[in-house]
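One structure is given here, and the rest of the page talks about it.
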Amino acid sequence: MDYGWAGARRATHSAMRTPRIPILTSETVWETAMKTTITSLRPRAGAWRRLAAVVFGAAAGAALIAAPAPAASASTPSALYVALGDSYTSGYGLPTQLTSPAIIAGCGQSSSNYPKLVAAHYGIAVDDRSCAGATTAAFTNWQGANPPQTSALGPNTVLVTIGMGGNDVGSSIITTSCLQAGAANHSCQTSQLNNLINTSLANLAAHLPGDIANIRALAPNAAIVYVGYLTGLPSLSTWTATGCSSNLPYYPGDIAWLNNFGQRLNNTIRTAAQSQGAIFVDALNMSAGHDPCRPVGTRWNEGIHPAAPATATFHPNLAGHSAYASMIISALGG
């Protein structure tokens, strides 16, 4: 999609062609599929120059390509690309799970996640701080033994991708509650759960613009791309027609309500990102037709029965991370 990069920081990524995704069916095809994915995202001629142009404008971008980056002091972060996020970004449950460097230990970070694919496309390294269980508090606070994610940002940073917010609004609590209700054949739409959703979304809306503004202040030369969450549910009619109650065993009357919650979270993140001039990637709506009710190779997100090599329920699979990478690269002009 063409954003007209003179105003890229104000653009919103709202539509694009569905990216071509390798079919992933088992452990035996994973290695071949990932080689195909990385090859398809390999830096094309001018990809890095286009990214530089997004950030600095064409003339400054040409200068950036021609000259080495300024030397960083020992205390100045030097990464050109920094990825911030939660388990949706880290690649929780996907191969190969990384245990080093120490700052990402225990984060469920995969060598195949979308930050690694985006970095491979542009031919640059990524300082990937994404961590399972992270809330937006992890932007500026320690998460256990993991330092604040924004500590990786600095004046040398030219690209920041963010995927955060789901844990702030209790997504796992909502999912668990609704699965339990579905197993008992009744609705999860209690006043308590509705209050949790309303309050947490309001809180996220109140502080997320400031969080993004702080990220921009820490990385003043960076293009900031905020990605939404992939769709986790189809419509009720599709859920019924595909016989999806085994993989998404919700109470039928909760399907539309859960989809509404997903849209509200998506809109909250979109509004905050737009208010701070970040590029918003509307992964929720762009992933329509790739929910967990679809066959392996078509779905980008898993249900309660993840297909190998994915092991995590309700998280993106390898195809989902490939799709995320394609969305981000498209948003940045290729």
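Derivation of every value follows stated rules applied to the coordinates shown; laboratory data play no part. Small disclaimer: the values here were computed from a predicted structure and weren't measured. Positions of Cβ are generated from backbone atoms using ideal geometry, with glycine treated the same way; all protein chains shown enter the neighbour counts.
Listed values, structure above:
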item	result
Residue satisfying all of: in the range 304-318; in contact with a Ser or Thr (Cβ under 8 Å, 6 or more places away or on another chain) and either without any contact (Cβ under 8 Å) to a residue 12 or more places away in the chain or closer than 15 Å to Y88 by Cβ (or both); surrounded by the fewest Cβ atoms within 10 Å (Cβ to Cβ) among these	A312
Failed criterion for N156 (all others in (1) touching a helix residue (DSSP H, G or I) at 6+ places or on another chain (Cβ under 8 Å); (2) part of a loop (DSSP other than H, G, I, E, B); (3) surrounded by fewer than 20 Cβ atoms within 10 Å (Cβ to Cβ); (4) at negative phi hold)	(1)
Selection from the range 211-252 of residues that are within 22 Å of the chain's Cα centre (by Cα), loosely packed, with under 14 Cβ neighbours inside 10 Å and in a helix (DSSP H, G or I)	A217
Check on V169, part of a strand (DSSP E or B) and crowded, with 21+ Cβ neighbours inside 10 Å	no
Residue tally, condition among the aliphatic types (A, V, I, L, M), in a loop (DSSP other than H, G, I, E, B) and over 17 Å from the mean Cα position of the chain (by Cα), over the range 86-113	2
Residues (of a type in the set (V, I, T) and without any contact (Cβ under 8 Å) to a residue 40 or more places away in the chain) located in the range 222-264	T240, I255
Scope the range 272-288; condition of a type in the set (S, T, N, Q), surrounded by fewer than 19 Cβ atoms within 10 Å (Cβ to Cβ) and touching a helix residue (DSSP H, G or I) at 6+ places or on another chain (Cβ under 7 Å); matching residues	S275
